[in-house]
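The next block holds one structure in the form of C-alpha cells; read it before the comments.
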Amino acid sequence: MSAADEGLIRALADRYRIEREIGGGGMSRVWLATETALDRQVVVKVIAPELREGLSAERFTREVKLAARLQQANIVPVLSAGTADGVPYYTMPFVTGESLRARLTAGPPLTPAESVSILRDVARALAYAHGEGVVHRDIKPENVLLSHGAAMVTDFGIAKALTASRTQDGGAAVTLTQAGGSIGTPAYMAPEQAVGDAVDHRADLYAWGVMAYELLSGAHPFQQHVGAQKLITAHITENPVAITGIPIALGVLVMRCMEKSSSARPASAAELLAVLDSVSTPASSGTMAAASPARRVPVKALAAVGLLVVALAAGWFALRPRAAGTPAGATEQSLAVLPLANLSGDKADDYFGIGLAEEITRALSQQGVRVIGRVSAASLQDKGLDQRAIAKELGVGSLLTGTVQRAEGQVRITVALVSASDGAVRWSEKYDRPLANVFAVQDEIARTVAGTLLGSLRHPGSAAPARAETSDPEALSLFLQGRVLFNRRGARQLRQAIELFQRAAQRDPKYARAQASLAMALAVLPAYVEDSTPELLAAAIAAANREIAMDPTIAESYAALGYAWSLIGEVRRADSNFRHALALDSTLATTWGWYGLLAGRLGQYREGHERVARARQLEPASMIARAWEAQILMNERRFAESDSVSGTTVAMDSTFMLAWSWRENALLAMGKTAEALALLKRHVAQLPPGRPEEVHGTYAYALAMAGSTREARALLDTIRVRSGGQLPATGALAAALEELGDHEAAMELLGRAIERHDTWLVQFPQVARYDRLRKDPRAAATLARLGAR
C-alpha cells in the first residue's frame, strides 16, 4: 500500500473502516468499507490521480450533491461526498452481485430475455435521471451492476461533476475538453462527445445503443478496431452492421440510438421503454429468424466474396427451416426489390445499387408484376430489418436481392429471386456488361423475373423492347444518385437532386427520364423552402414539357405538372395531368399521394383518403404517405385523428420532421397550446441555419395563441430581419399577425401568400389557424376560392 493510500485511510478512519480495494479504473479507485456509524457496507470511490489536477474539491462536492438527489430503483445512489487528505471522494451503497462487464466476460451467456430485462432497467434509470436534468455521460457495462435479477446504474452525475469542477487560473470552470481531455469511455462514446462538443441526454442514448448492440449481437459494433483513437474514429465515421435474430422493432431502435447525429436518435429514454415494452423476445412469434453472432460477416469481407453472394445465399436459404407460409396478405406473384449491395469498395457508390433497384422495380411493374414499395424496401433495410422481416412488413411473396460492382466502364450485377415463405432461391443470374448497357440488363432481369413469377399467366410475346434511355454512363450515375436524394426529401436533399438531374440532362439532352425527375423535384421543392415558389413552379412545368416533347410516355412528368398546377390554382389542369400520369403508370405512389392532397383541398375527403390509401399500399413503409393522410385529416378538421396519425409516424421515425409539423398543427387546433409549443421549440432548434421556414411561422402563431405576445413579436422581428426586412409571404405568419391583433397587416400578408402560391396555405385553406381571419368576409371569400377553383 502506498503512502498516499495510507494517508487517505487515516483521514477516513473516523467514518469508514477500509477493508480492501475492490476495483476501479476510468474515473476512480474503489474501496470496500464499513460505515462505522451505521455498521453497513459501502464503497468509497476516490477520484483517480490523473483526474485530480486542476480539480476544485469544493465544486466537485457541490456537483455530486446534485446527483445525490436521484432516488430510483435502478440507480445506485450517492450517499456522501467530500475530501480526505486533500483527495475528493464519494460513497455509494455496496451492491451484492457483479458488473455487467464481469457477466459478459466470465459468466454464462445472457439469454435474450435477460438482455432485454437489463436494457429495460438501464432505460428506466436513464428516463428518470434525464427527467431530473442529470446526464450520465459514461454508460457502459462496467457501470451497470447486476443484483438479484435487477440491473442498477452506478456513477450517475460523476462525469458531469468532474467536468464542471476543473478550474483554470483565476478559478473559472473549464471543461475537460478545454483542459485537454474528455471524460467517457471510447468504446461507448457518442460522436459529439468524442469531438468535445456539448452533450445532452442523447449521448447516453447512444451509449445505451452501443451496449444494447453488444448484448444482443454478442459483439461490440466496432470490435475490429483496437485502441482509443481508432474506436473514436469509428464512432464518428462508420455505421455498424445491422443485428439479425432479434425482434424487428428492437433492431430498429438500437440502430436509431447509434445514429451519428444526435437529432436523429430517439427523443428520450421514454421511447426506449415504449419499444422494449412492445417487443417480444426471440422465443415468441413475430421475430426475426435466430442468427448466431459468430456467423455474422464483417462488412469489409463482402467485397472479397461478392461473386459468391448469390450462390452462398442459395445454399443458406436451402438449409433454413421452412416458415409457416407466405406473409399474411401476400401472394406468390407479389415482389419487392431490395437495394443491390455495393461491392465496388467505394461507399460513394452505394447510391448506384439503391437507384438501380428502383429502376428494376419500375421495369418489373411494366411487365405486369405486382411490385410493392419502390423506396419502402430500401428504408426498411436501412432500419436494420432482415429479408424475411422486410417481406412480412411489405406483404410480398418474393424478394429480388443481389449485388452490383462497377469498374472501368463495366458493371457486374448478380441477382437472386427468393421466396419469402421459405427462403428458397427460385432463380439467380450474373450479368457482366458495359455500363452503357445497364438498361438492357434491367429489362432482361424484369422479363425473367416476370416469367418466373407469373408463368403462363403472362403472354411471352408481351415483353416490351429494351430501353436505351442514355448511352452516357456518367449521366446514368448522376440520375441514379439524384433519385436516391429525391426520395429522401428535405430542402438540402432536393436541391442536390435538382443539381444532379440538371447535370445528367446537360450531359445527355435527350435523357428524358432525367428531365422528368427534374420536374418532380422542382415541383415539390416549394414545400420545403419559402423563396421563389412561382419561379420554381415555372421551372418544373418547363422541365416536364421538355420531357413530354421527347417522350410522352413517362408518368412522372404528368405527375409533376399535376402538382405544380395544383399549387398555382389551376385545378382542372392539375386533375387532367394526374389522371394522365396514372393511366401511364398506376404504380407511382407519389402520383396517388399528390392527387389525394388535391381532393382533400377541394373537400373531396373520401376520394382523398382512397387515393392516399392506394399510395400506402404501394409504399407500406413510406413516412411521407402517412403524412399525406394526416394532412387530409387536418383539412377535414378531424384534428384528433390527424394528431394520432402524426404521433404514430413520429414514434416510428423521430427524424421525420413533416410528421412533427402536422402533429404541432393538430395540437394547436385542439387547443393544446403548451404541448404544441414544446414540440415547436424542439423542432425549430433542429432546423438547419438559414432562411426561416414554415415551422418558424407556426411557432410565432403558437406563441401568439398562448398569449406570449412579446416573444411572438420578437420572433417576427427576427424572421423579418433574416428575410431582408419583410416577412415571408406565408399563411402561417398571416395567422400569427391576426392572433396579435394586426388585422390589416395579416390581410395584406395573406394576399401576398396566395399570390406567391404558399404551399401550406394553397393546399390547406380549411385548417383551423385561419378561422380567426375567416371572420373577415374578404379573407373568408379568398380562402373559399382556394378550395373551389
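The values are calculated or read from the model by the stated rules, or taken from the named source; none is laboratory data. All values reported here derive from a predicted model rather than from experimental measurement. Please note: Cβ atoms are built from the backbone with ideal geometry, for glycine as well, and neighbour counts cover all protein chains shown. Surface areas here come from the heavy atoms of the whole protein model, side chains and all, with no ligands, DNA or RNA. Shrake-Rupley method; radii C 1.70, N 1.55, O 1.52, S 1.80 Å.
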**Fill in**
Of the residues in region 751-782, those that are surrounded by fewer than 22 Cβ atoms within 10 Å (Cβ to Cβ), more than 32 Å from the chain's Cα centre (by Cα) and among the aliphatic types (A, V, I, L, M) number 4
**Flag for Leu687 being assigned to a loop (DSSP other than H, G, I, E, B), open to solvent by 20 Å² or more (accessible area, probe 1.4 Å), free of Cβ contacts under 8 Å to residues at least 60 places away in the same chain and not basic (Lys, Arg)** = yes
**Asked** Taking into account only those residues within region 399-435 that are outside any strand (DSSP E or B), touching a helix residue (DSSP H, G or I) at 6+ places or on another chain (Cβ under 6 Å) and at pLDDT 70 or above, which is nearest to Arg370 (Cα to Cα)?
**Response** Ala420
**Request:** Could you check Leu715 against (1) at pLDDT 90 or above; (2) of a type outside the set (Phe, Trp, Tyr); (3) outside any helix (DSSP H, G or I) and say which number it fails?
**Result:** (3)
**Message:** Being within 29 Å of Arg720 (Cβ to Cβ), of a type in the set (Gly, Ala, Ser), crowded, with 18+ Cβ neighbours inside 10 Å and without any contact (Cβ under 8 Å) to a residue 60 or more places away in the chain narrows it down to one residue among Ala523, Ala504, Ala543; which is it?
**Reply:** Ala523
**Fill in**
Scanning region 226-248 for residues that are closer than 14 Å to Ala187 by Cβ, at pLDDT 80 or above and open to solvent by less than 50 Å² (accessible area, probe 1.4 Å) gives Leu231, Ile232, Ala234, His235, Pro240
**Message:** Restricting to region 526-540, count the residues that are surrounded by fewer than 20 Cβ atoms within 10 Å (Cβ to Cβ) and either outside any helix (DSSP H, G or I) or among the β-branched types (Val, Ile, Thr) (or both).
**Reply:** 4
**Message:** One residue is enough: does region 703-725 have a residue meeting the conditions over 21 Å from Ala685 (Cα atoms) and buried (at least 17 other Cβ atoms within 10 Å of the Cβ)?
**Reply:** no
**Request:** Kindly indicate the residue of region 575-607 that is polar (S, T, N, Q) and crowded, with 17+ Cβ neighbours inside 10 Å and also farthest from Ala336 (Cα to Cα) among those meeting that condition.
**Result:** Asn577
**Fill in**
Of those in region 549-603 that are without any contact (Cβ under 8 Å) to a residue 40 or more places away in the chain and of a type in the set (S, T, N, Q), the residue farthest from Thr361 (Cα to Cα) is Ser576
**Asked** Within region 35-137, which helices (runs of 4 or more DSSP H) (wholly inside it) include 1 or more residues that are of a type in the set (Asp, Glu)?
**Response** 57-68, 112-131
**Message:** Out of the residues in region 102-132 meeting the condition of being within 30 Å of Ala57 (Cα to Cα) and either in contact (Cβ under 8 Å) with a residue 40 or more places away in the chain or in contact with a strand residue (DSSP E or B) (Cβ under 8 Å, 6 or more places away or on another chain) (or both), tell me which one is surrounded by the fewest Cβ atoms within 10 Å (Cβ to Cβ).
**Reply:** Glu132
**Prompt:** Tally time: how many residues in region 614-648 are of a type in the set (Gly, Ala, Ser) and open to solvent by 50 Å² or more (accessible area, probe 1.4 Å)?
**Reply:** 2
**Fill in**
When Ala270 is run through (1) among the aliphatic types (A, V, I, L, M); (2) at pLDDT 85 or above; (3) in contact with a Lys or Arg (Cβ under 8 Å, 6 or more places away or on another chain), the failure sits at (3)
**Asked** Does Ile360 satisfy the condition of being modelled with pLDDT under 75 and either open to solvent by less than 40 Å² (accessible area, probe 1.4 Å) or of a type in the set (A, V, I, L, M) (or both)?
**Response** no
**Request:** Give just the number: which of (1) within 23 Å of the chain's Cα centre (by Cα); (2) more than 27 Å from Ser278 (Cβ to Cβ); (3) not aromatic (Phe, Trp, Tyr) does Arg663 not satisfy?
**Result:** (2)
**Message:** Being in contact (Cβ under 8 Å) with a residue 12 or more places away in the chain, assigned to a loop (DSSP other than H, G, I, E, B), of a type in the set (Gly, Ala, Ser) and open to solvent by less than 30 Å² (accessible area, probe 1.4 Å) is the requirement here; does Gly251 meet it?
**Reply:** no
**Request:** Could you tell me whether Gly218 is among the small types (Gly, Ala, Ser), in contact with a Pro (Cβ under 9 Å, 6 or more places away or on another chain), modelled with pLDDT of 95 or more and over 15 Å from Leu162 (Cβ atoms)?
**Result:** no
**Message:** Just checking, does region 649-667 include any residue being open to solvent by 10 Å² or more (accessible area, probe 1.4 Å), under 22 Å from Glu271 (Cβ atoms), part of a loop (DSSP other than H, G, I, E, B) and among the small types (Gly, Ala, Ser)?
**Reply:** no
